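What follows is one structure encoded as structure tokens, with my remarks underneath.
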Amino acid sequence: MNRRHLIKSLIAGTITSAIPLVSNSSASSVTSSKKYPWKNWSGNQQCFPSRRIAPADIGELQALIKNSRGKIRAVGAGHSFSELVPTAETLLSIRRLAGLKEVNAAKNIATIYAGTTLNEIGPLLNAQNQALVNMPDIDQQTLSGCICTSTHGTGRELGSLSHYVEALEIVTASGDLLHCSQHENKELFKAAQVSLGALGIITSITMKNTSPFKLKRQSQWLPFEDLLPQADALSNANRNFEFYYFPFTGMALTDSLNITTEPSTQNEELDGNSGIMDLKSARDYLSWSNKLRELILSSYMKTVALEESVDHSYAIYATERNVRFNEMEYHLPAELGLKALQEVRLAVESKFPEVFFPIECRFIKGDDIWLSPFYLRDTISIAVHRYFEEDHTPLYKVIEPILQKYKGRPHWGKINTFSNKQFEQAYPKWKAFQDVRQHYDPQGKFLNPYLMRTFGLS
């Protein structure tokens with residue numbers, strides 16, 4: 001049983017619910033001059049671009065960029081909640097640039113086209129006797145979207161996906177296709193590892209991989225007060241470790257992953273996050289008494305035994321999300337993260353009885369990437385979610401100052417109100433990135449209003 005099945009099972013023991021239907025489609029046309037609306041996955045970001053284009057190959061992409069006089073913003077799967085994508089000008093989809101480009105078995109590296117989604121990458125690499133070292137937990141994201149926003153998984157000794165980038169190719173504002181790595185165009189490489197799409201359009205990414213491996217997932221319910229003192233030890237003892245605190249239950253769900261040679265278990269395929277809707281039902285039915293809500297849910301959670309599942313790493317790591325939400329996530333110094341989490345919990349449970357989504361806590365290794373939120377520090381990330389049909393603003397206005405107080409850096413793809421000055425103070429290599437961006441895109445061809453504000457250009 002996977003973790004989301006576990007959530008659904010325990011809540012369904014007391015409450016019945018319905019799961020809403022959602023859809024997420026991408027443009028089918030290669031080029032359109034009509035103003036069709038674009039929305040991201042959750043619906044909190046939208047725009048009416050004057051032109052939508054999906055180039056079929058790199059040559060077409062180069063010509064388009066070289067000849068374009070207006071702004072261009074790239075979009076992958078639309079899983080970012082921040083304002084990175086919206087534009088009134090050209091919206092460029094990279095989804096047709098997908099698949100494996102080249103594999104080097106001796107070095108365990110593979111070059112992957114930028115528009116390839118994570119749910120595609122796992123099987124493709126497995127067929128070549130390779131696997132990504134680590135993965136985030138949503139499988140619809142494109143690889144370039146992950147790289148541009150420093151998307152991450154969890155693991156005390158494991159970095160974000162950007163950490164494992166060996167090289168990449170990018171089409172700059174001039175239409176030139178440039179290759180960069182630690183040894184070639186080094187400054188461009190350090191900036192492009194997390195670029196926000198501000199340097200150009202990434203076409204392919206060379207990843208440092210490992211041999212295929214299986215993971216054993218173990219999920220267990222623990223009282224939050226029992227978990228907190230041992231959270232650091234658990235993060236050190238497991239290859240991957242994270243946990244979820246469920247507001248108004250006093251309980252947390254731990255999620256531990258370790259490499260195994262055990263045979264795969266057969267698990268029923270379920271909608272990702274389906275059990276979340278059961279939590280919503282529990283909130284709605286028991287809104288008159290938070291104490292009763294906690295008593296019922298915590299009592300049931302305490303009876304659920306340790307659950308285990310085994311499968312290929314990519315099948316364990318990443319799943320689809322069929323219950324939509326909006327998300328704010330901050331990355332805090334590892335030594336401050338758990339203290340901040342306690343304060344977040346108190347704020348939620350004292351002021352927001354309507355909250356039912358769990359608070360997610362993950363562990364990430366530091367790196368040396370210029371715009372990585374993990375730059376030069378090991379990190380604990382705290383993510384707060386709100387159901388997409390409900391206003392997240394009041395909750396985030398209270399929680400965000402807490403996360404900022406503990407020196408948090410926001411996830412580039414998640415909702416935040418960081419200003420240009422705050423970003424400049426938070427990132428020691430901020431000016432170096434701006435210098436590289438100015439060099440390769442002096443006219444700001446790849447900027448939108450959000451990035452103009454973020455970079456202090458408007």
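Considering (1) buried (at least 19 other Cβ atoms within 10 Å of the Cβ); (2) modelled with pLDDT of 95 or more, the lone condition that G444 does not fulfil carries the number (1). The requirement of being in a strand (DSSP E or B) and farther than 26 Å from L371 by Cα is fulfilled somewhere in the stretch 199-215, by at least one residue.
Is it the case that the stretch 122-139 has a residue that's among the β-branched types (V, I, T), surrounded by 22 or more Cβ atoms within 10 Å (Cβ to Cβ) and more than 14 Å from the chain's Cα centre (by Cα)?
no
Do we find that P229 is closer than 25 Å to G155 by Cα and assigned to a loop (DSSP other than H, G, I, E, B) in this structure? So P229 fails the test.
If the condition is being of a type outside the set (D, E), at pLDDT 70 or above and surrounded by fewer than 17 Cβ atoms within 10 Å (Cβ to Cβ), then the stretch 267-295 contributes Y285, S287, W288, S289, N290, K291, L292, L295. Only one of the numbered conditions (1) under 29 Å from F418 (Cα atoms); (2) outside any helix (DSSP H, G or I) is violated by R345, and that is (2).
Considering every residue within the stretch 371-380, establish whether at least one is crowded, with 18+ Cβ neighbours inside 10 Å and closer than 19 Å to Y244 by Cα. Yes, that holds for at least one residue. A single member of G153, G115, G159, G200 is on the phi > 0 side of the Ramachandran plot and either at pLDDT 95 or above or not assigned by TED's automatic domain parsing to the domain that holds E308 (or both), and it is G200. Any residue at all in the stretch 427-438 that's under 19 Å from K190 (Cα atoms), of a type in the set (V, I, T) and modelled with pLDDT of 95 or more? Yes: the stretch 427-438 contains one or more residues that are under 19 Å from K190 (Cα atoms), of a type in the set (V, I, T) and modelled with pLDDT of 95 or more.
Kindly indicate whether any position in the stretch 234-244 is within 18 Å of Y300 (Cα to Cα), surrounded by fewer than 22 Cβ atoms within 10 Å (Cβ to Cβ) and assigned by TED's automatic domain parsing to the domain that holds R345. Looking through the stretch 234-244, at least one residue is within 18 Å of Y300 (Cα to Cα), surrounded by fewer than 22 Cβ atoms within 10 Å (Cβ to Cβ) and assigned by TED's automatic domain parsing to the domain that holds R345. Those helices (runs of 4 or more DSSP H) of the stretch 354-458 in which at least 2 residues are of a type in the set (F, W, Y) and within 27 Å of G153 (Cβ to Cβ), considering only elements entirely within it, cover 430-440. Of everything listed in (1) modelled with pLDDT of 95 or more; (2) assigned to a loop (DSSP other than H, G, I, E, B); (3) surrounded by 18 or more Cβ atoms within 10 Å (Cβ to Cβ), the single unmet condition for H331 is (2).
Each row is one residue, and each column tells you yes or no for (1) touching a residue at least 40 places away in the same chain (Cβ under 8 Å); (2) within 20 Å of S350 (Cα to Cα); (3) aliphatic (A, V, I, L, M).
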| position | (1), (2), (3) |
| --- | --- |
| S289 | no, yes, no |
| I296 | yes, yes, yes |
| Y300 | yes, no, no |
| L306 | yes, no, yes |
| S309 | yes, no, no |
| T319 | yes, no, no |
| V323 | yes, no, yes |
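Residues that are among the hydrophobic types (A, V, I, L, M, F, W, C) and closer than 23 Å to F418 by Cβ within the stretch 356-378 comprise F357, I359, C361, F363, I364, I369, W370, L371, F374, L376, listed in sequence order.
Can we say G153 is more than 28 Å from G70 (Cβ to Cβ), in contact with a Pro (Cβ under 9 Å, 6 or more places away or on another chain) and in a loop (DSSP other than H, G, I, E, B)? Step through it out loud before you land on a result.
On the way: more than 28 Å from G70 (Cβ to Cβ): yes; in contact with a Pro (Cβ under 9 Å, 6 or more places away or on another chain): yes; in a loop (DSSP other than H, G, I, E, B): yes.
When the stated conditions are applied, G153 passes them.
Taking the numbered list (1) free of Cβ contacts under 8 Å to residues at least 40 places away in the same chain; (2) buried (at least 17 other Cβ atoms within 10 Å of the Cβ) in turn, G59 passes all entries but (2). Sort out which residues of the stretch 412-458 are in contact with a helix residue (DSSP H, G or I) (Cβ under 9 Å, 6 or more places away or on another chain) and among the charged types (D, E, K, R), and write them in order of number. Result: K414, E424, K429, K431, D435, R437, K445, R453. When M1 is tested against (1) among the hydrophobic types (A, V, I, L, M, F, W, C); (2) out of contact with any Lys or Arg (no Cβ under 7 Å at 6 or more places or on another chain); (3) in a loop (DSSP other than H, G, I, E, B); (4) at pLDDT 95 or above, just one condition goes unmet, and that condition is (4).
Can you tell me which residues in the stretch 357-399 are charged (D, E, K, R), in contact with a Gly (Cβ under 6 Å, 6 or more places away or on another chain) and farther than 17 Å from W430 by Cβ? Give the steps one after another, and end with the answer.
Start the filter on the stretch 357-399 by keeping residues that are charged (D, E, K, R), which leaves 360, 362, 365, 367-368, 377-378, 386, 389-391, 397.
From the residues that got through so far, the ones that are in contact with a Gly (Cβ under 6 Å, 6 or more places away or on another chain) too are 365, 367, 377-378.
Selection gives K365, D378.
The values are calculated or read from the model by the stated rules, or taken from the named source; none is laboratory data. Model, not experiment: these values are computed from the prediction. We place every Cβ from the backbone using ideal geometry, glycine too, and count neighbours over all the protein chains shown.
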